[in-house]
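Student: Below you'll find the structure I mean.
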Amino acid sequence: IDRRIYGANIMSGVARSIQLLIRGLARTKTQHSFYLISDDKIDGCPAFFHPLSIKIPGVGKKKSINHFVIWEQFLLPRVLQREKINIFHSMVWPIPCSFVKGCKFIVTLHDVTPYLGSNLNVFPTPFRRYFVKWIARSIKKADKIIAVSQYTREEIVKLFGVPYHRIKVIYNSIDPYFRPLSDKKKIRSIVAKTLGIRDRFILNVNVLGPRKNIETLIRAFTLLKQKRNIPHKLI
């Protein structure tokens, strides 16, 4: 499993899905061996997993284009071959496009954002060119593609011409941490204490990127305040 994004400073939705996949696999009873592969030190690796840290000396910044190309397309295939990995699973980054004997590839796509018009502008140009080109190649090469929704599956077929039978829809599960709470008084107390909010509110959980359409959300909320005079705050 490629767990690089899991080590990022900001815990994104994709990073959390990798985290929960690792937790889930660690609870399974299986004779399979699992490896976590990264371009950095792997801290807190469950005993169930074998950490493989592939570092690249002397290629400039860690997140430069050179770093990605060398790591994914040259060093990673050698490690997969050396360790006799049977299946390599990427949940966000491109897979090696070279042949690796005995290894099959799974790619999980959470959405097709990088390919949808103006959404491309949220990524730095060099990274965008590399990511778009090699993800497209990865999708065509992958032995199996996992889509997290039927909509994403339809978009993959439409954009890349991939046959339906190569795409499996597997919905994201819900972390057991999230559960209904019945004690509303306690909930209000916790929200007031942790967030300083004592009024009614509408909550939006997102990163503040253009592709998340926050501007439209704010405009809609403003109209609600003006026309309905709702007491809520927008958080």
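The values are calculated or read from the model by the stated rules, or taken from the named source; none is laboratory data. Model, not experiment: these values are computed from the prediction. No Cβ is skipped: glycine too gets one built from the backbone with ideal geometry, and neighbour counts run over all protein chains shown. Please note that ligands, DNA and RNA were not included when accessible areas were found on the heavy atoms of the full protein model with its side chains. Shrake-Rupley method; radii C 1.70, N 1.55, O 1.52, S 1.80 Å.
Student: Taking Cα atoms, how many degrees apart are the long axis of helix 214-227 and the longest axis of the chain, rounded to 10 and kept between 0 and 90?
Tutor: Rounded to the nearest ten degrees, it is 10.
Student: In whole Hz, with x marking every Gly and Pro, tabulate ³J(HN,Hα) for the range 85-90 from phi via Karplus 6.51 cos²θ - 1.76 cosθ + 1.60, θ = phi - 60°.
Tutor: Couplings: 6, 8, 9, 10, 10, 10 Hz.
Student: Would you mind calculating the relative contact order of the chain from Cα pairs under 8 angstrom and at least 6 residues apart, reporting the percent as a whole number? Working shown, then result.
Tutor: Numbers: 271 pairs, mean separation 28.8, N = 235.
Relative CO of the chain lands at 12 percent.
Student: Hey, what angle do you get for helix 184-195 against the long axis of the chain, alpha-carbon based, 0 to 90 degrees rounded to 10?
Tutor: So the helix axis and the longest Cα principal axis differ by about 70 degrees.
Student: With a ≥ b ≥ c taken as the square roots of the eigenvalues of the C-alpha gyration tensor of the chain, please select rounded if a/c is under 1.5 and otherwise prolate if a/b is larger than b/c or oblate if it is not?
Tutor: Working: a/c = 1.97, a/b = 1.59, b/c = 1.24.
Verdict is prolate for the chain.
Student: Expressed as a whole percentage, what fraction of the accessible surface of the range 123-235 belongs to carbon and sulfur atoms when a 1.4 Å probe is rolled over the protein heavy atoms? Before the final figure, lay out each step's value.
Tutor: Values: 5030 of 8750 Å².
That fraction is 58 percent.
Student: Sum up the lysine pairs in the range 142-235 that clear both bars: alpha-carbon distance under 25 Å and a spacing of 8 or more or different chains.
Tutor: Eligible lysine pairs with Cα atoms under 25 Å apart amount to 15.
Student: Here's something else I'd like to know. So, for the chain, what is the accessible surface per residue at a probe of 1.4 Å, expressed in square angstrom?
Tutor: Result: 66 Å² of accessible area for each residue.
Student: By how many degrees, between 0 and 90 and to the nearest 10, does the Cα long axis of helix 150-160 differ from the longest principal axis of the chain?
Tutor: Taking the Cα atoms of the chain, the angle to 150-160 is about 50 degrees.
Student: Sorted by mean Cβ packing within 10 Å, highest first, what order do the peptides 125-137, 146-158 take? List each step's numbers first, then the result.
Tutor: On the way: 125-137: 15.2, 146-158: 16.8.
Ranked by mean Cβ neighbours within 10 Å, highest first: 146-158, 125-137.
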